[in-house]
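Take a look at the structure below.
Read the figures in this text as sums done on the coordinates, not as results from a lab. Keep in mind it's a predicted model, so treat the numbers as computed, not measured. Here Cβ is always computed from backbone atoms with ideal geometry, including for glycine, and neighbour counts include all displayed protein chains.
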Amino acid sequence: MSTSTPLTIGHLVESLEDHGVAAALGDLAAAGPDAGFRVVLVALAPSGHSAVADRVARAGVAPVELNVAPWDPRAVTKVLAVFRAHGVDLVHTHGARPDVVGSAAAARLRVPAVSTLHHIHEHPADRGDQLRRTARTMARKRFMTRTIATSVLQRDWYRRAAGSTEGLSVIPDGAADPGEGTVQERLRLRHGLGVDENEVVAVSVAPMRRGRGQDLLLDAVAEIGPDEPLTVVLGGDGPLRPWLESRVAADDALSGRVAFRRSADPVELLRAADVQLHTTRHDTMPRMLLLGQGTATPAVATRVGGIPEIVTRDTGALTPVDATRIADELVRLVRDPDLRARRGAAARARFLQRFESSVWAASLGDVYRSAAGVAGAPAPAELDTPEPVGRG
């Protein structure tokens with residue numbers, strides 16, 4: 001295959017939900033052509049209106065949403081038909097069912113398959129669960145040309161299950177540059193909140209779901225004295241929203257300091273904020289933290305999952321899953337505007353260097369060309385992540 005011929009990459013996901021694994025693929029589709037490939041996106045299940053679908057369509061190829069019931073044997077045939085019609089050169093899968101269906105479709109098309117790990121399975125429930133996870137990992141090694149981990153933590157888990165990191169690359173998901181906020185955006189948010197322009201506004205835009213830590217965040221805010229010039233905004237939505245709203249309404253201290261912005265664009269909130277809060281109890285590589293860095297917003301985040309691979313001491317504060325420690329770090333940023341400015345600038349620089357979508361697309365382009373046998377592409381061994389140091 002010629003080095004000048006763009007590759008067509010068929011991405012297969014479970015659905016196009018905006019908070020699912022497909023969330024970043026719109027940005028990848030836009031960045032792909034400059035990295036030598038175009039994206040064809042197929043979802044096994046419908047999701048209704050999706051911002052992901054809109055972004056992918058604007059990048060050139062409208063996504064296809066199938067209506068395939070779980071483990072429907074027709075799934076492979078349906079996916080195969082779409083990929084064949086688009087002349088797919090490589091299949092890239094995301095998730096358990098897409099892995100199975102996508103690898104079968106790739107085999108029928110006689111093209112390589114690549115899979116991304118999107119979750120960490122750190123603590124198996126029992127011996128049987130551990131054996132099943134190990135079996136799935138070994139199947140991945142057999143049927144996938146390459147596996148992509150989005151974090152070093154995933155790499156270490158994979159090595160324990162598979163015995164080595166051969167055929168594994170660590171490539172964090174990326175995001176299109178959201179740009180820095182302006183003074184006007186900052187003032188508009190404060191005006192809408194009815195607070196002084198000198199008030200520090202901290203924003204959380206994580207989905208309001210179990211384990212995402214908004215309850216912990218409210219515990220932390222409740223510990224902060226009333227004299228601190230701080231307003232906290234909870235953006236977004238989710239099943240826990242009614243409970244969170246009722247808790248705030250029932251507490252005078254919280255209701256005077258915490259606001260909800262259900263329909264606000266999370267990126268617009270981040271661009272206008274002084275601090276980003278991400279107090280989750282578990283996470284892999286949260287996209288909203290990447291976007292926060294792109295907006296030059298320093299973060300206070302919990303030290304869990306792959307978050308320490310995003311937030312550093314230069315770009316924000318990492319805390320245990322502890323309300324008091326979260327409150328302490330937030331107050332420190334509230335009181336020190338110079339520290340906020342330094343960390344915000346460092347966050348922006350780190351985003352552009354490591355997580356901006358063109359950087360992501362370039363790394364994936366190397367993987368795609370290598371797997372497809374494009375002349376001059378990196379050899380497979382060059383793409384393998386180094387073995388973890390000190391791990392036997």
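Among 118, 66, 100, which residue has its Cα furthest toward the positive end of the charge dipole of the chain, with +1 on Lys/Arg Cβ and -1 on Asp/Glu Cβ? The residue sitting farthest along the positive end of the dipole is 100. Near residue 314, within a Cβ-to-Cβ distance under 9 Å, what is the net charge of the other residues, with Lys and Arg +1 and Asp and Glu -1? Residues near residue 314 contribute +4 overall. Taking a ≥ b ≥ c as the square roots of the Cα gyration tensor eigenvalues, segment 225-354 comes out prolate, since a/c reaches at least 1.5 and a/b is larger than b/c. Taking Cα atoms only, the orientation of helix 323-335 departs from the longest principal axis of the chain by about 70 degrees.
Segment 289-313 and segment 324-348 have Cα centres lying 12 Å from one another. Against the main long axis of the alpha-carbon atoms of the chain, helix 357-372 sits at an angle near 20°. Positive end of the dipole of segment 1-64 (Cβ unit charges, origin at the Cα centre): among 23, 48, 4, the Cα lying farthest that way belongs to 4.
Among 69-81, 292-304, sorting by the average number of other beta carbon atoms lying within 10 angstrom of each residue, highest first, gives 292-304, 69-81.
Between the residues 85, 282, 323, the greatest Cα displacement towards the positive end of the dipole of the chain, with unit charges on the Cβ of Lys, Arg, Asp and Glu, is found for 85. Packing-based ranking of 186-198, 310-322 yields 310-322, 186-198, ordered from highest to lowest mean Cβ neighbour count within 10 Å. Among 235, 344, 163, which one shows the biggest mean-square fluctuation in a GNM of the chain, springs joining Cα atoms closer than 10 Å? In this elastic network of the chain, the residue with the biggest mean-square fluctuation among 235, 344, 163 is 163.
Compute the helix-to-body angle for 127-143: its Cα long axis versus the longest principal axis of the chain, expressed 0 to 90° and rounded to tens. The angle comes out near 60 degrees.
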